[in-house]
Structure formats: C-alpha cells, structure tokens
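FYI, it's all coordinate maths here, none of it is from the lab. In this text, all values refer to a predicted model and were calculated from it rather than measured experimentally. Positions of Cβ are backbone-derived with ideal geometry, glycine not excepted, and every protein chain shown enters the neighbour counts.
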Amino acid sequence: MTDKVKLADLIKCTGCTACASICKHNAIAMTENEDGFEYPKIDIDKCINCGACVRVCPIINPVLNDEKYQKIFAAVGCNSNEVKKSSSGGIFPLLAKEVLLQGGKVYGCRILNGDRAVHTVVETEEELELLRGSKYIQSSIGRVFQQVEEDLSHNKKVLFSGTPCQAAGLKAYLKREYSNLLIVDLVCHGVPSYKFFKEYICWLEKKKNVKVLAYDFRDKTKTDLGCVAKIRYLKGKKEKIRFSKYSSDFYYYYYYMLGKIYRKSCYFCPYANANRISDITLGDFWGITHIHPEISIDNGMSVVMINSIKGQKYFDKIEAYKYPSNLEEAVAYNKSIISSINYPKERDEILRLSRECGGDAVEKFFRKEVGTKQLIYCLKGIVPIKVKRKIKSIFHWRK
Ligand SMILES: Cc1cc2nc3c(=O)[nH]c(=O)nc-3n(C[C@H](O)[C@H](O)[C@H](O)COP(=O)(O)OP(=O)(O)OC[C@H]3O[C@@H](n4cnc5c(N)ncnc54)[C@H](O)[C@@H]3O)c2cc1C
Ligand code: SF4
Ligand code: SF4
C-alpha cells in the first residue's frame with residue numbers, strides 16, 4: 001500500500017537519497033530517469049506506509065540551522081602548489097587533513113570510470129586527492145548516509161562534504177546533531193547528469209578521433225581562477241592536452257556555466273540561501289579583485305562561510321591566509337550563495353537533443369545560439385592573464 005506515501009514532487013526532488021536511506025524495509029530504490037538523474041522509486045510490495053521517508057525528506061520538511069552563527073572570510077591556503085591543485089582557494093583539503101589527522105574519515109565526491117561522480121570515503125592523505133576539485137556532474141550518494149551514521153556511532157570523527165541538498169539530506173537522515181560530525185557544503189548553482197556528460201565525452205571522442213583519458217573540470221594552468229577545463233586524451237599513441245574555455249569551445253562547459261542543463265530541482269533549490277545549514281560553506285570569492293584590490297590572488301580565492309561554532313573551531317585550526325569579509329561582499333559577484341537561477345526555456349530541448357539525437361545535435365544547437373559571440377570570447381581568450389589584470393585595474397581606478 002502506498003496511497004499515503006507522497007514524496008517530494010519530481011520537479012523539486014534533489015535525489016539526496018534520505019528517503020531511500022531511512023527505509024528499514026528497503027522499499028525505496030534510487031532509479032535513473034531518461035536523462036540520467038536519480039529519483040526514488042517505491043516498491044509497493046515492500047512499503048508498509050510508515051511515512052518515515054516523507055518525514056525525512058528535506059524538501060517536504062525543510063532542514064534549518066538554528067545556531068544563528070555566521071562569519072564570512074575570503075581565504076586561501078598558504079601552500080600555493082597545493083592550492084593550484086584545488087578548484088578554488090584549497091580550503092576543503094586543509095579541513096579534510098585536519099579531520100584525518102584526528103583519526104577521522106572524510107566523505108566527498110570522486111570521479112569513477114571517467115564519466116560518473118560518486119560519493120566515497122577516504123582515510124588517508126593520498127586518497128584525499130580523489131576528492132580534490134569540483135566535478136560538474138551530480139554525485140551519486142549510494143549508501144553513504146548509512147556509512148556516515150555507522151562511523152559516527154563508533155565515535156569516529158567524520159567530515160561530510162557535498163552540495164547543499166546533499167548536506168540537508170544527511171542532516172535530515174541523521175535527525176540529531178553529532179559533535180563528531182563536520183558538514184562542509186559548497187556554494188552550488190546546479191548539477192548536470194552524468195549521462196549528459198557521458199554523451200558529450202563520446203561525441204568529443206568521435207568528432208576528434210581521440211580517446212579521452214581524463215577531464216578536469218577546473219584547471220588553473222591557463223587562468224588563476226580555474227574556469228577552464230583540461231582534457232587529457234590520446235591521439236593515436238600520443239598523449240595530448242586541450243584546454244576548454246567555457247565560452248569559446250564546445251557545448252558542455254558553456255551550457256554548464258550558463259545553467260542550462262541542470263537537474264530540475266536546482267532551479268528551485270531551497271538551500272541556496274544565506275542561512276546555510278552546514279558548519280562551513282565553501283565557494284569561489286568571485287570579484288575579490290574588485291572588492292579588495294589590495295589582496296593578491298595567484299591561484300584562486302575561496303569564500304568561506306562559517307555557520308556554527310564547531311565550524312569556526314575547525315577553520316581556526318587550518319593554515320590559510322584569512323581575510324574577514326561579509327555577506328554583502330561575498331554575494332556581490334556570486335548570487336548562487338543566496339538564490340537559484342531561473343529555469344531556462346532551452347533546458348528541456350537541450351536535454352532532449354542529447355538524449356534522442358546525440359552530441360552532434362547539441363553542438364549544432366549551441367553553435368546557433370552562440371553565433372558571433374564566440375569570436376569575441378575567442379579574442380578575449382588569447383589575451384594573457386597579466387594583460388587582462390592590467391586592463392581591469394585601469395578600469396577599476398577610473399570608476
Ligand atoms: C557542482 C558544483 C557547483 C558549484 N557551483 C559554485 C558556484 O556557483 N559558486 C561558487 O562560488 N562555488 C561553486 N562551487 C564550489 C567551488 O567550485 C569549490 O568546489 C569550492 O569552493 C571548494 O573548493 P576548494 O578549493 O576549497 O576545494 P577542492 O579541493 O576544490 O574540493 C572540492 C570539494 O568539492 C566536493 N565536490 C566536488 N564535486 C562535487 C559534486 N559533484 N558533488 C558534491 N560534492 C562535490 C569534493 O568532495 C570536495 O569536498 C561548486 C562546486 C560544485 C561541485
Ligand atoms: S528525501 Fe531526497 S530523494 Fe527522497 S524525495 Fe525527498 S528530496 Fe527526493
Ligand atoms: S542547486 Fe540545489 S538542488 Fe541543485 S545540486 Fe545544488 S544544492 Fe542540490
């Protein structure tokens with residue numbers, strides 16, 4: 001019987017897995033829809049209508065942070081070689097190392113088989129490298145919430161990192177606070193599905209007659225802020241590298257950055273707001289060069305929102321350059337901290353093209369949309385960073 005069981009609407013369900021994880025009767029499985037996004041599916045033969053899944057759903061019963069603690073910083077790790085390997089200011093690995101040092105475990109997102117993102121646990125600094133860097137596809141949580149609960153009940157220190165909806169899902173699932181749990185969420189403007197990404201990689205391989213070995217969503221070789229993807233591939237027997245700028249290359253990065261290929265729930269995300277439910281929120285401090293031109297940024301700068309006293313204690317322990325800031329500055333160039341973007345009219349058509357016609361059709365759609373804008377983007381792309389900075393600083397002084 002499932003007549004009483006009404007989970008979140010499909011348009012709002014984030015796929016967090018809290019409902020599937022709480023069900024003691026294994027009546028809920030996470031299954032992929034046609035675009036590759038996971039949704040809960042109830043097995044009516046196993047369901048006893050207890051309602052536990054509905055009560056735990058963070059969309060139906062929003063998770064709140066009652067602590068009313070908030071401090072905001074711009075921050076970057078002190079070791080520039082380490083920071084270069086991370087997507088933004090390299091704050092996540094520093095927090096993670098602190099937890100590992102205390103004998104704890106760290107949960108986060110890694111790439112599997114080149115085109116899937118999954119949550120996993122690491123226990124050593126070597127393994128931590130897997131979690132480093134943003135992967136711009138939705139990560140599959142699997143059974144991780146149960147694993148976290150088990151670790152916590154064995155008094156292990158645990159750091160869980162993920163998108164705000166995943167953090168909300170975990171908090172809802174656990175139902176109570178744990179002093180040995182540190183939750184780190186990300187500023188997030190949305191996630192595409194692994195299936196859309198996989199189609200893109202297949203298309204790229206066919207079009208360029210190459211074998212893609214690795215796709216790094218944010219690489220800092222060409223820009224200090226890392227908004228360039230690095231693709232490592234084999235052409236014949238030769239290994240090569242190609243950098244893909246979001247605005248002047250193929251369709252994936254462009255559509256990701258412009259928010260046109262996300263999960264539906266991302267356009268209605270209740271956790272994109274200033275009252276973060278995690279202990280620490282990490283993002284990019286976009287616009288820092290305009291807001292604080294006196295701060296030099298060589299390899300990226302994080303916005304760090306401290307949302308609890310526990311979070312503050314961890315942040316105090318890490319070795320980083322920390323510059324006090326505030327919400328107004330953090331949000332000035334980064335609206336994802338406080339709001340989600342509108343549902344783009346092209347979103348469904350782009351996903352349909354990828355699903356039904358493949359990458360060629362999406363690329364054609366993209367070329368038509370971008371048109372001459374691309375030439376300007378390309379020209380921008382060949383100006384060296386130092387020259388760009390110089391031009392920006394001239395304009396800044398003139399304002
Ligand atoms: C999908 C996504 C969207 C984002 N959107 C924004 C944004 O709009 N504005 C903004 O300011 N910042 C955004 N970020 C955050 C930013 O890109 C950095 O991840 C963050 O600042 C941490 O950087 P770092 O240098 O401290 O750590 P890094 O070493 O870069 O660590 C990356 C961390 O992100 C986690 N992670 C990576 N990919 C995923 C994923 N797919 N799902 C869940 N967790 C993941 C890892 O587990 C790790 O904890 C986004 C991140 C992701 C993953
Ligand atoms: S608990 Fe998570 S996966 Fe389940 S219905 Fe709610 S949002 Fe969707
Ligand atoms: S935008 Fe919101 S719903 Fe979408 S992945 Fe990010 S936190 Fe989850």
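Points worth noting:
- Relative contact order computed over segment 112-235 (Cα-Cα under 8 Å; 6+ residues apart), in percent: 24 percent
- Fraction in percent of alpha-carbon pairs per bin - 10 Å, segment 8-102: 13, 26, 22, 27, 11, 1
- By average C-beta atoms within 10 angstrom, highest first, the peptides 149-157, 99-107: 99-107, 149-157
- Charge sum, other residues only, whose C-beta stays under 12 Å from R232's C-beta, Lys/Arg counted +1 and Asp/Glu -1: +3
- When shorter helices are ignored and each DSSP H run of at least 4 residues is given -39500 (n - 2.57), the per-residue value for the chain at 222 nm works out to -9500 deg cm²/dmol.
- Two-decimal log10 I(q)/I(0) for segment 43-190, as the Debye equation yields it once each C-alpha is a single scatterer, q = 0.12, 0.18, 0.21 Å⁻¹: -0.55, -1.20, -1.52
- Residues of segment 159-199 with amide N under 13 Å of the 7 Å Cα→Cβ point at A274: none
- The local environment of D249, defined by Cβ-Cβ distances under 11 Å, has a net charge of +1 under the rule Lys, Arg +1 and Asp, Glu -1.
- The chain shape via C-alpha gyration tensor axes, a/c threshold 1.5: oblate
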